[in-house]
Amino acid sequence: MCGIVGYTGFRNAAEVLLDGLRHLEYRGYDSAGIALAGEGPLYVAKTQGKLSALDALLKQNPPPVCGCGIGHTRWATHGAPSDQNSHPHSGRRVTLVHNGIIENYAQLKLFLEKAGRSFSSETDSEVLAQLLDHHYHGDPLEAIRCTLAEVRGSYALAILFEDQPGKIFAARRESPLIVGYGEGEQFVASDIPALLKYTRSYSVLDEGEMAVLENRRVQVFNAFGQPVEKQRLTAEWDMEAAEKGGYPHFMLKEIHEQADALRATVEPRVRGGLPFLDEDGISDELLRRTRQVVLVGCGTAMHAGMVGRQAIESLARIPAHTDIASEFRYRDPLVGPDDLVVIVSQSGETLDTLAALKLAREKGAFTLAVVNVVGSSIARAADAVLYTHAGPEIAVASTKAYSVQLAALYLVALRLALVRRAQSEEAVRGLTEALRGIPALQRPILEECSRVKYLASRYMNSSSLFFMGRQMDYALALEGSLKLKEISYIHSEAYAAGELKHGTISLIEQGTPVVAIATQRHIYEKTLSNVKEARTRGARVLFVCKESAEVPAEVADDVLRLPECDDLLMPLLAILPLQLFAYYMSVLRGCDVDKPRNLAKSVTVE
Ligand code: AGP
């Protein structure tokens, strides 16, 4: 999604803005621009395309050297990607960058047109700029307040006023925005990586807050204009964590970081060989009285929830369900007091997931956020937060965040099982130990990634693939399929293995590639039969199973074997070759691995 950077201080603002925007590239974008407040009128440069196009434009039309400006990368919502629709957008004395969506922009535009204003873009953001200019009579905060009172929708804003040199004004509702503190310089940004090179000290703006940044101070006000004292946070991530560190792509680096991320997420929560969640705000009392668990998220996070659901059901013997956040939020779900709603999100900013959380809270359920980004909107809105410790995930395709989400959900399942006495202490201890042993089992899979690369080369020219598996393997099939299609642009579908014969098997013909996942002992034979059904009809099968599995020769064309561990934990191992398979397919097909087309890292619109 769109990225925002603002800077005021002693450095060359254009350079700081471009550098900050580069660190937000991973969010996905289709155009970019900056505005600078030097001497005289505001300088604006913007263009469709990547930052290299903006760089070229700045070379043709050199920007003034000055210390204050705002920058933006746009992910199109209202109006196609084009130079005109790129940000910043201006009114007569005002220039702004905007993340989010103004829902009533059409009405506001009509009003402004009647008042004699004309527009040069199709965007809702330009309407905001013109409305702000309409309300501006010398008091910027008053103008911002009046404007935002008339606006419906979501926004994170960084604004320059022509007659307020050296100052940046900021405001947010629903879309995330942080301010960063330096010595004689201040920053505003939509995400931490944009600031890391200059400062680790930051505050998260809360709903409805506004900020004024000058080189020596930052003032924050609530929606009524009263000053607010902000808590300062320190970003734990350093620059190195947000760089590729010798890997050709962030995705590959992040796949390899999974063992460390898993350790960082699990170890602090194990005491005396047992899992504890009290320090995360999850009391045993709460777990004891929980009637059902509902796990909600989008995309990969939802797929993690599907594995978590099965772990909770089979270990804690309590009803558990998963739901897609965008469905959950609009269907008046049956959740209430004594229900535990687990909200899963890497970014903590996904709009549908945040809305699902708010709804669950309204209905009286206890909301537990499993989130990677500290201080994110979802983390702050939930009753309790179980932070995953994956570090920054930059590639659009989620990999290490998925593994740590699984780890967090296994910990919840194990604690539930323990306090509800659904499993013996010995059994929980054994599984906790097995979970702690997973990073060591992941290593050899990652070290032997050349085998997966070779297999990817054999399947890279396929136009469509199927993934199949049962139960936890079905959840994995969904994730493997999503990973493949999002970064390689190859069509693929995932099926519960037993479901294939109810329609989809008609698509299987000679040579149709099928990735079959069979890691669960109690249903191994069943999956095997389903694979045979597909193979008999011509499927070319890549079979993923445990080291010890007996694989009849007539079942598979290629076999990928995984180290042995408890069936329940197998997703933590089986996901690795699926991620690597998608990665190499994407590389071999020459795709933009880290920034696939049309996608954004943090989906802050509906
Ligand atoms: C995963 O590869 C995707 N990029 C996407 O499905 C992602 O998991 C989803 O948008 C949810 O994001 P979140 O975890 O930040 O909420």
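Numbers at a glance
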quantity: Candidate residues ARG92, ARG380, ARG329, ARG117: accessible-area rank, largest first, probe 1.4 Å; calculated: ARG92, ARG380, ARG329, ARG117
quantity: Partner aspartates and glutamates for LYS483 [C-alpha distance under 19 Å; skip if fewer than 8 residues away on the same chain]; calculated: GLU254, GLU257, GLU393, ASP473, GLU493, ASP592, ASP594
quantity: Charge dipole (the chain, unit charges on Cβ, about Cα centre) - positive-most of GLN219, VAL94, TYR583; calculated: TYR583
quantity: Relative counts (whole %) of C-alpha pair distances in the stretch 499-606, using bins that are 5 Å wide; calculated: 2, 11, 18, 17, 16, 15, 12, 7, 2, 0
quantity: Accessible area in the full protein assembly, largest first, 1.4 Å probe, for SER125, SER314; calculated: SER314, SER125
quantity: Contact order normalised by residue count of the chain, Cα under 8 Å, 6+ apart, percent; calculated: 12 percent
quantity: Extension gain, TYR489 back to ARG597 (0.36 nm per residue minus Cα-Cα distance, nm); calculated: 38.0 nm
quantity: Share antiparallel - DSSP beta bridges, the chain, percent rounded to 5; calculated: 60 percent
quantity: Accessible surface, per residue, of the stretch 472-531 when the full set of protein chains is kept, probe 1.4 Å, Å²; calculated: 37 Å²
quantity: On Cα atoms only, tilt of 524-536 relative to the major axis of the chain in degrees; calculated: 80 degrees
quantity: Label-point separation, GLU285 to GLU447 (7 Å along Cα→Cβ), nm; calculated: 4.9 nm
quantity: Length added when fully stretched, GLU327-GLU113, from 0.36 nm per residue minus Cα-Cα; calculated: 73.3 nm
quantity: Sequence-separation-based contact order of the stretch 1-114, relative, with Cα cut under 8 Å and 6+ spacing, percent; calculated: 32 percent
quantity: Å² of accessible area per residue within the stretch 59-160, as computed with a 1.4 Å probe and no ligands counted; calculated: 39 Å²
quantity: Value at 222 nm in deg cm²/dmol, rounded to 500, when DSSP H runs of n ≥ 4 in the chain each add -39,500 (n - 2.57); calculated: -11000 deg cm²/dmol
quantity: Where chymotrypsin sites (Phe, Trp or Tyr not before Pro) fall in DSSP loop in the stretch 328-383, at most 15 other Cβ within 10 Å; calculated: TYR330
quantity: Label point distance in nm, HIS502-LYS50, each placed 7 Å from Cα along Cα→Cβ; calculated: 4.4 nm
quantity: Degrees separating the helix 351-362 axis from the principal Cα axis of the chain, which is the longest one; calculated: 80 degrees
quantity: Virtual spin-label span in nm between ASP83 and ALA427, 7 Å along Cα→Cβ; calculated: 6.8 nm
quantity: Relative contact order of the stretch 311-428, pairs being alpha-carbon contacts under 8 Å that are 6 or more residues apart, as %; calculated: 28 percent
quantity: Calculated FRET value between ARG521 and THR234, using beta carbons and R₀ = 56 Å, to 0.05; calculated: 0.75
quantity: Neighbour cut-off at most 14 other Cβ (10 Å), DSSP loop, GluC sites (Glu not before Pro), the stretch 492-531; calculated: GLU509
quantity: Segment GLU533-GLU243, length gained on full extension (0.36 nm per residue, minus Cα span); calculated: 99.8 nm
quantity: Alpha-carbon centroids, the stretch 491-514 and the stretch 330-385: separation in whole Å; calculated: 35 Å
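The values are calculated or read from the model by the stated rules, or taken from the named source; none is laboratory data. None of these values were measured; they are calculated from a predicted model. All Cβ positions, glycine included, derive from the backbone under ideal geometry; neighbour counts span all protein chains shown. The accessibility values were calculated without ligands, DNA or RNA, using every heavy atom of the protein model including side chains. Shrake-Rupley method; radii C 1.70, N 1.55, O 1.52, S 1.80 Å.
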